[in-house]
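K.L.:
If you scroll down you'll find the structure; I have some questions about it.
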Ligand code: TYM
């Protein structure tokens, strides 16, 4: 069976971007593929979380994954730090990643700007750790949003380079995957770019948030003064609202507002009200499930244990083979 691997950093509660960029594909794939989905807590150390926050964040992402429908009996659902083979393989793969290429990665350049006071070595070698997450399970597919595309290219490069260095045909080339056929970028509400954990509260629709908070965020989303000519091209912030609507509203609702826009008859207040209601309809059952699952300690711990066992089995096998390929031999 073909393998699938993907992860999410536990640096906050899951948002709409995580769902449509990643989790929706996870849900579709878990039945038909051999899936490994995880919480990337090692990755989150680059931002120096407090120990108690780290645990609470991992716990809430685990509950959210389960509430959204990931089934621990169908896929390996695990926490990255439960898999010791990952940091070990990361040490080996780091020898084979070059400073220049790591410095050129878009995400590293972005971090230099956004967290200039904490440009640590872990940020630089982040793509190596991510490659290890994927290669350690010999993934064929990696369901991710568009923002992770470059990391996937780097993963293929590191795997191929290992193969060349040791003259083996060991790691395969994983491909990015999305349920919709093309990688998704869910826009934020402020018109600046993609919805993300770091782009700020006002930009992000979080599942585990109350109706009023979500409504307010949508009603405050930036708009312009409205189209003045028929079929006018939309400004980015308007386009974003339509894109969000396409994700959660009925097709006929979207068509209705598209037509109003094209005829210069649109009232953005109505559009946002409709979007907020459709968003809440979409979010409410998931949120309800999240809140139930968060209280179920026994379920969380059982799920994490089953996942860790499955993932360790696969990762330890890879580690053993890699150590042999590299040339480590025991003297005793
Ligand atoms: P992270 O935690 O930032 O995001 C988790 C997943 O959600 C997707 N995503 C989005 N997709 C579309 N539109 C958005 N606005 C949006 N925001 C987030 C991301 O593309 C991602 O799929 N480095 C990864 C975590 C990771 C990983 C891995 C992923 C670590 N190791 C191995 C896949 C395989 C990250 O920071 O994602």
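The values are calculated or read from the model by the stated rules, or taken from the named source; none is laboratory data. Computed from a predicted structure; not experimentally measured. FYI the Cβ positions are ideal-geometry reconstructions off the backbone, even for glycines, and counts take in every protein chain you see.
K.L.:
Do we have residue 241 as crowded, with 16+ Cβ neighbours inside 10 Å, farther than 29 Å from residue 64 by Cα and out of contact with any strand residue (DSSP E or B) (no Cβ under 6 Å at 6 or more places or on another chain) here?
P.N.:
On the way: crowded, with 16+ Cβ neighbours inside 10 Å: yes; farther than 29 Å from residue 64 by Cα: no; out of contact with any strand residue (DSSP E or B) (no Cβ under 6 Å at 6 or more places or on another chain): yes.
No; evaluated as a whole, the condition is false for this residue.
K.L.:
For region 107-128, indicate whether the set of residues that are within 17 Å of the chain's Cα centre (by Cα) and within 20 Å of residue 325 (Cβ to Cβ) is non-empty.
P.N.:
Looking through region 107-128, at least one residue is within 17 Å of the chain's Cα centre (by Cα) and within 20 Å of residue 325 (Cβ to Cβ).
K.L.:
Still on this structure, please answer the following. Of (1) within 10 Å of the ligand (Cβ to nearest atom); (2) over 18 Å from residue 208 (Cβ atoms), residue 8 satisfies all except one. Which?
P.N.:
Answer for residue 8: the failing condition is (2).
K.L.:
Out of all the residues in region 160-180, which are part of a helix (DSSP H, G or I) and either buried (at least 21 other Cβ atoms within 10 Å of the Cβ) or free of Cβ contacts under 8 Å to residues at least 12 places away in the same chain (or both)?
P.N.:
The initial filter retains those residues of region 160-180 that are part of a helix (DSSP H, G or I), namely 160-165.
Result: 162, 163, 164.
K.L.:
So which strands (runs of 3 or more DSSP E) are wholly in region 1-103 and hold at least 1 residues that are out of contact with any helix residue (DSSP H, G or I) (no Cβ under 7 Å at 6 or more places or on another chain)?
P.N.:
Details: elements: 3-8, 34-39, 76-79.
So the answer is 3-8, 34-39.
K.L.:
Regarding region 247-264, can at least one residue be identified that is at pLDDT 95 or above, within 30 Å of residue 134 (Cα to Cα) and within 26 Å of the chain's Cα centre (by Cα)?
P.N.:
Within region 247-264, one or more residues are at pLDDT 95 or above, within 30 Å of residue 134 (Cα to Cα) and within 26 Å of the chain's Cα centre (by Cα).
K.L.:
Select, from 40, 22, the only residue that is buried (at least 21 other Cβ atoms within 10 Å of the Cβ), more than 19 Å from residue 183 (Cα to Cα) and near the ligand (Cβ under 8 Å from one of its atoms). Walk me through it before giving the result.
P.N.:
Details: 22 fails: more than 19 Å from residue 183 (Cα to Cα).
Only one candidate passes the filter, namely 40.
K.L.:
Moving on. Among the listed residues 149, 192, which satisfies the condition of being assigned by TED's automatic domain parsing to the domain that holds residue 16 and surrounded by fewer than 19 Cβ atoms within 10 Å (Cβ to Cβ)?
P.N.:
Numbers: 192 fails: assigned by TED's automatic domain parsing to the domain that holds residue 16.
The match here is 149.
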